[in-house]
Structure formats: C-alpha cells, structure tokens
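A.B. asks: Just passing along the structure, written as structure tokens.
The values are calculated or read from the model by the stated rules, or taken from the named source; none is laboratory data. Keep in mind it's a predicted model, so treat the numbers as computed, not measured. Please note: Cβ atoms are built from the backbone with ideal geometry, for glycine as well, and neighbour counts cover all protein chains shown.
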Amino acid sequence: MDNVVEQKKMKNTMKKRTRQSIFITIGPVYTWMTLFLTVPLLLIVVISFMQRGLYGGIVYEPTIKNYVALIDPMYMKVFGTSLIIAIGTTILCLLIAYPFSYFLVKVSNKYRNILMLLIIIPFWTNSLVRVYAWIVLLRSEGVINTILLNVKFIDEPIKMLYSYGAIFLGMIYTLLPFMILPLYSSIEKLDVALLEAADDLGASTWQTFRHVTLPLTIPGIIAGSLLVFIPSLGYFFIPDLMGGGKHMIIGNLIKNQFLTARNWPFGSALALILILITLGFVMIYLKLVGGDKDDMGVM
Amino acid sequence: MKSRTRKIFPPVFMFLVYAFIYIPILILIIFSFNESRLNVVWTGFTLDWYGKLMKNHEVIRALINTVKVAFATTIISTVIGTLTAVGMYRYKFKGKVVLDNLLYIPMVIPEIVLGIALLIFFNKTNIPLGLWTLIIAHSTFCIPFVVITVKSRMAGFDKAQEEAAMDLGAGQFKTFIYITLPNILPGVIAGALLSFTLSLDDVITSFFVAGPRSTTLPLQIFSMVKFGVSPEINALSTLMLLTSLTLALLSEKFKTK
C-alpha cells in the first residue's frame, strides 16, 4: 500500500518537474514570439481597417476604404509590375537552378562539398552589397561600358542600369541561391534505383526526366519558388537602386506609405495582401508535400 | 559529336553560373584597392579608401551600432532558440504544433512585413526607435534559424545518455549542462554564427525599426549608394563580405563537426 502511495508521489513530482522544464525551455520563445510577432502582425490586420488621420496619424473608425482603394489603376499597375518581376524572377531562377543542381548532384564527392559551399556563401553575404557590385559593372561610366568603348565595340555607353532588365538581374542575382538549395536537396534525395529502372525499361532520357525525375522533385521546385517569389515582392531596394525608382513593386509602395505618404492604414492593407499571398503559397506547398516543412532544404 | 556536347555542357554551364555569382563580387573587391576614384580602370594599388573609411565618423558609428546589435541579437536568439529546440525535442506539450508554425512565420513572410509590423508595434507601445528596437527585430527573425540548426543537431543525439544521467541522480539542470549541452554545442555555435551574420547583413527589417541615430552598416551603405558609386563603398562592402565569408565558413565547420 505504502509503495503505491510512494510511487504516485514520485510520479507527481516528476510531472511537476517536467512542467517546470517545459515552462523554462518553451516559456521564453512563446512570450517573445507572441509579443514581437503575433501582436505586431495582428496590429497590421487591425490598422488596415482603420482610417488615416489628417496629419498621418491613425483614426480608429472601421472602414474598408483601404481595400477599395487598391482597385485604383495606379496601384493595379504596381501589382502588375510586382507580379511580372516576381514570376519572371522565379521562372528564370528555376531555369538556371534546376540544371545546375542536377549537374551538381552528379559531381564527385571530392569537389561537391566545395562547390556547394560556393553556393552557400552568397546566401550569407549582404544582398545590398551584391546589388551594389552590379551597379559598379552596369552604370553608364561602369566597367562593362568602359571595356566595350575601349575596344571600339560601341560608340556610346549602353544604358543598362535603370531598366526592367536591371531589376530582373538584381533579383535573380540576389535570390538564385534560395532556389538552388532546396532544389539540390530534393534532387539529391532521388532514388537512383528508380532512374535505373526507367532506363532498363527503355525510357529515353527525356521520358525518364519527364515521368520520374520531375514529379519526384516537385517539392524542391515549389519550396524554391516560394523562397524566391515571396521575397521578390518585398525587396524594395532593388527597384530603388537598379531600376532608378522608375518601376515600383509592392515593397516600394509599402515603404512609401510608411515613410513618405504616412498612410499607415493603407500600407497595412498592402502588407496584409503580401501576408495572404505568402499564406496561399505555403498552403499549396504543404498540400503537395504533405506537411514536412523541414524539407525546404534551406538549412 | 552529340555525346561530346553532352559531356561538356554540364561543367560549362556550372562554370558560367559560378562566374555569374562571383565575378561582380571580385570586381567590387579589386576596385576597392584601386587608386582612381572612378571604379573603372586600374591605375594602381592603394589602401587609401580603407584609411578614409576609418576616418569617416558616420561609418565608424554605424559599425559600432552594428556590432552592438549583432552581439545582443546573437546572445538573445541563441539562448532562446537553444532552449526552444531542447524543449521541443524533449517534451510533449499543448500548443507544440502552434509554436512550430509560429516559428516558420519569420522565415517565410517577406521581411518588409515584419519590419512594418514591428514599426507599428513600437509606435503604439511608445518604444522609441533605436538599438533596442533593432535588437528585438533581429532576434525575432534569428530565433527560428537557431531552433532549426540546434534541432537538426539533436536529431542525432542519443536520449539514453540523458536518461542514464538522471537515473544516476543528476537533476534536470545538471543533465542539461553536462550531457545535453556538450552534445549539441556545435549546433548551438553554428546557430549563433548564423544569427550574428543575419543581424550584420539585415537591410529591410532594419530600415523600418532603426532610429535616426542608430544607423547600421547596411543602412549606411544604402544611403551612400543612393549618392552614387565610390571606392569607399567598395572598401566597406569588401570588409563586410570578408566578415560574412569568415562567419559562414566557421559555421559550416561547426555544422559538420
């Protein structure tokens, strides 16, 4: 009898201890993320339904005005530009990254680690600095124009900076590693036996790719697209610096609402749209991949 | 003929991708040592631009801010992130799935959203923008990365060791310090280095939550680039590139340990 009581007591103290440990390990992160992530994000939602005050403050009277305003052709143009840039960047990154990752997987182990490292390094370096590097190359008095002028290939400098093309280049350059990493990890996981089986059964290289490799690497393709598409909507400094401020994306519009126009409610409405686009994309990913977010292969 | 192009194409393609990634960076670095102000033709070697940088008060102030923010961010996100990874690995608790999802938010939402969300938050709570708001913002997006790095390290860790220690009478705290921590230390260090780099390099979130007197180096570069290209920016960029490179290599080393 005593023994049972003793055991129960011990079980209880163990439970209490475990609860304490959970509180110590998980408590801080819960507090931090609630305070500095959940609450701020909810604030965006709330403020997006409020009105702008006369001097840029927020008037707490519910309205859907900020969402109605989005239909304005001026803003539609910004959405259009953003989508063209985001979709174009995603497709171009995919077209470069897929064959690249495919070839990288086949490189012998000896060189593969160093080659992989060379892809990870840009991931760690400042994106602004890397965009600046292209400005040095592309501007009218820049490296490329000077070389072309010196060899008499051209008579006057080509205007390369401050164009759509330059924005695309900046985006691809900044985001390419984010496409390569998940693609590489999903191609690496491919079961070689499956490819050999397809080959044995007489499939051509193209058929094997189309019916075996491609379907099996869809998770990587979607993860990579997610990691390229979403940030490209917000990287305001690329259109600012490489597009010369001529072309605006959603990121620039949001930045302006918060810093120059001081229309926080409208800026919040725009941010909420970005959040919804992101959520939609993540849902598609989870639906197709089946819930394993760790599979994104970024880390 | 066909099989030959097939053999040559992969290495050529890969070479072109690496050239695309690295040539602009190399040119940027080379011109930081160039005498001419113009950043176009090589006229001779100099370290003047680095010297000028050291005398630029704004740059030095931004450097000090950046280092302060990066250190504080690293400490906060490493401690909280490691505890989280350990807790999530060891215990079952209510809301685990919620937490898991919550931690993915900073990694997938566009940075600009986090930036303005925190700007609104600090504004509404009357917290003045400055170093602390930068530290809070940076820690918020660094914590999830630490959690992932440490978690992946824990996956290969034998739980029986912890149980043995506890059976032998060690308390939970002692077990953590003597058994768990040494085992996951490489992951913790890798996570810390990653946090430091992410904080050091952040542009977008910082843009919104930095106060007028708390400019960081990336923000300093941003405002300098708006006024045009100069070898001083090249020099500053080179220093930042080298710092990130060192940290990245160190982290890789710890991750594979």
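A.B. asks: Quickly run through the range A:44-54 and pick out the residues that are closer than 18 Å to A:LEU259 by Cβ and in contact (Cβ under 8 Å) with a residue 60 or more places away in the chain.
C.D. replies: Scanning the range A:44-54 gives A:ILE44, A:ILE47, A:SER48, A:ARG52.
A.B. asks: Let me ask something else about it. When only residues in the range B:31-58 that are under 25 Å from A:LEU169 (Cβ atoms) and exposed (fewer than 14 other Cβ atoms within 10 Å of the Cβ) count, which is farthest from the other protein chains (Cβ to nearest Cβ)?
C.D. replies: By that ranking, first place goes to B:TRP42.
A.B. asks: Just give me the residues in the range B:104-121 being more than 7 Å from chain A (Cβ to nearest Cβ) and of a type in the set (A, V, I, L, M, F, W, C), in sequence order.
C.D. replies: Once the filter is applied, which keeps residues that are more than 7 Å from chain A (Cβ to nearest Cβ) and of a type in the set (A, V, I, L, M, F, W, C), the range B:104-121 yields B:MET107, B:LEU114.
A.B. asks: Quick one: in the range A:190-230, of everything that is polar (S, T, N, Q) and assigned to a helix (DSSP H, G or I), which residue is surrounded by the most Cβ atoms within 10 Å (Cβ to Cβ)?
C.D. replies: It comes out as A:SER225.
A.B. asks: Here is a list: B:THR78, B:THR84. Which entry is within 9 Å of another protein chain (Cβ to nearest Cβ) and under 17 Å from B:CYS142 (Cβ atoms)?
C.D. replies: Criteria check complete, one pass: B:THR84.
A.B. asks: Filtering the range B:225-237 down to residues that are crowded, with 21+ Cβ neighbours inside 10 Å and polar (S, T, N, Q), which residue is nearest to the other protein chains (Cβ to nearest Cβ)?
C.D. replies: Checking each candidate, the answer is B:SER237.
A.B. asks: Sticking with this one: Give the residues of the range A:31-74 that are of a type in the set (Phe, Trp, Tyr), within 13 Å of chain B (Cβ to nearest Cβ) and surrounded by 18 or more Cβ atoms within 10 Å (Cβ to Cβ), sorted by residue number.
C.D. replies: Across the range A:31-74, the qualifying residues are A:TRP32, A:PHE36.
A.B. asks: Next question, about the same structure. Taking B:THR246 and the conditions (1) more than 11 Å from every other protein chain (Cβ to nearest Cβ); (2) among the polar types (S, T, N, Q); (3) without any contact (Cβ under 8 Å) to a residue 24 or more places away in the chain, which numbered condition does it fall short on, given that it satisfies the others?
C.D. replies: Here B:THR246 meets the rest and fails (1).
A.B. asks: Does B:SER152 satisfy being facing chain A (nearest Cβ under 8 Å), touching a helix residue (DSSP H, G or I) at 6+ places or on another chain (Cβ under 9 Å) and at pLDDT below 95?
C.D. replies: yes
A.B. asks: What's the number of the condition A:ILE275 fails, among (1) under 27 Å from A:ILE135 (Cβ atoms); (2) at the interface with chain B (Cβ under 10 Å from one of its Cβ atoms); (3) not in a loop (DSSP other than H, G, I, E, B)?
C.D. replies: That leaves (1) as the condition not met.
A.B. asks: Now for a separate question. Test B:ALA117 against the stated conditions and say whether it is buried (at least 24 other Cβ atoms within 10 Å of the Cβ) and either of a type in the set (Gly, Ala, Ser) or in contact with a strand residue (DSSP E or B) (Cβ under 7 Å, 6 or more places away or on another chain) (or both). Before the answer, list the steps.
C.D. replies: Details: buried (at least 24 other Cβ atoms within 10 Å of the Cβ): yes; either of a type in the set (Gly, Ala, Ser) or in contact with a strand residue (DSSP E or B) (Cβ under 7 Å, 6 or more places away or on another chain) (or both): yes.
Here the answer is yes, as B:ALA117 does meet what is asked.
A.B. asks: Out of the residues in the range A:150-170 meeting the condition of being assigned to a loop (DSSP other than H, G, I, E, B) and in contact (Cβ under 8 Å) with a residue 40 or more places away in the chain, tell me which one is surrounded by the fewest Cβ atoms within 10 Å (Cβ to Cβ).
C.D. replies: Filtering first and then ranking leaves A:SER163.
A.B. asks: Name the residue, out of A:MET283, A:MET242, that is over 15 Å from A:ILE87 (Cα atoms), crowded, with 17+ Cβ neighbours inside 10 Å and among the aliphatic types (A, V, I, L, M). Can you show your working first?
C.D. replies: Numbers: A:MET283 fails: crowded, with 17+ Cβ neighbours inside 10 Å.
Selected residue: A:MET242, the only one of A:MET283, A:MET242 that is over 15 Å from A:ILE87 (Cα atoms), crowded, with 17+ Cβ neighbours inside 10 Å and among the aliphatic types (A, V, I, L, M).
A.B. asks: So which pairs qualify, if the first residue must be in the range A:238-249 and under 12 Å from A:ALA166 (Cα atoms) and away from chain B (no Cβ under 11 Å), the second must be crowded, with 23+ Cβ neighbours inside 10 Å and of a type outside the set (Val, Ile, Thr), the Cβ gap must be under 6 Å, and the two must be at least 6 apart or on different chains?
C.D. replies: Pairs that qualify, where the first residue is under 12 Å from A:ALA166 (Cα atoms) and away from chain B (no Cβ under 11 Å) and the partner is crowded, with 23+ Cβ neighbours inside 10 Å and of a type outside the set (Val, Ile, Thr), are A:PRO239/A:ASN252; A:HIS247/A:PRO239.
This table checks each residue for (1) touching a residue at least 12 places away in the same chain (Cβ under 8 Å); (2) loosely packed, with under 14 Cβ neighbours inside 10 Å; (3) part of a helix (DSSP H, G or I); (4) within 14 Å of chain B (Cβ to nearest Cβ).
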{"site": "A:MET76", "(1), (2), (3), (4)": "no, yes, yes, no"}
{"site": "A:THR81", "(1), (2), (3), (4)": "yes, no, yes, no"}
{"site": "A:ALA86", "(1), (2), (3), (4)": "yes, no, yes, yes"}
{"site": "A:LEU104", "(1), (2), (3), (4)": "yes, no, yes, yes"}
{"site": "A:LEU117", "(1), (2), (3), (4)": "no, yes, yes, yes"}
{"site": "A:ALA133", "(1), (2), (3), (4)": "no, no, yes, yes"}
{"site": "A:LEU137", "(1), (2), (3), (4)": "no, no, yes, yes"}
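A.B. asks: Given the conditions (1) of a type outside the set (Val, Ile, Thr); (2) within 25 Å of A:PHE229 (Cα to Cα); (3) touching a residue at least 60 places away in the same chain (Cβ under 8 Å), which single one is not true for B:ASN34?
C.D. replies: The number of the failed condition is (2).
A.B. asks: If you scan the range B:68-96, which residues turn out to be small (Gly, Ala, Ser) and surrounded by fewer than 17 Cβ atoms within 10 Å (Cβ to Cβ)? Reasoning before the result, please.
C.D. replies: The initial filter retains those residues of the range B:68-96 that are small (Gly, Ala, Ser), namely B:70, B:72, B:77, B:81, B:85, B:87, B:95.
Answer for the range B:68-96, where residues must be small (Gly, Ala, Ser) and surrounded by fewer than 17 Cβ atoms within 10 Å (Cβ to Cβ): just B:GLY95.
A.B. asks: List the pairs whose first member sits in the range B:63-83 and is modelled with pLDDT of 95 or more, whose second member is aromatic (Phe, Trp, Tyr), and whose Cβ atoms are under 7 Å apart, counting only residues at least 6 apart or on separate chains?
C.D. replies: B:ALA70/B:PHE196; B:THR74/B:PHE196; B:ILE80/A:TRP32
Listed here are the residues, each with its yes/no results for (1) modelled with pLDDT under 90; (2) closer than 21 Å to A:ILE96 by Cα; (3) among the aromatic types (Phe, Trp, Tyr).
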| site | (1), (2), (3) |
| --- | --- |
| A:ALA166 | no, yes, no |
| A:GLY170 | no, yes, no |
| A:PRO177 | no, yes, no |
| A:SER204 | yes, no, no |
| A:GLY234 | no, no, no |
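A.B. asks: Taking the range B:189-219, which residues are in a helix (DSSP H, G or I), surrounded by 22 or more Cβ atoms within 10 Å (Cβ to Cβ) and either away from chain A (no Cβ under 13 Å) or touching a His at 6+ places or on another chain (Cβ under 6 Å) (or both)?
C.D. replies: Passing the criteria: B:ALA192, B:SER199.
A.B. asks: Select from the range A:252-267 the residues that are free of Cβ contacts under 8 Å to residues at least 24 places away in the same chain and not aliphatic (A, V, I, L, M) and write down the one among them that is surrounded by the most Cβ atoms within 10 Å (Cβ to Cβ).
C.D. replies: Filtering first and then ranking leaves A:GLY267.
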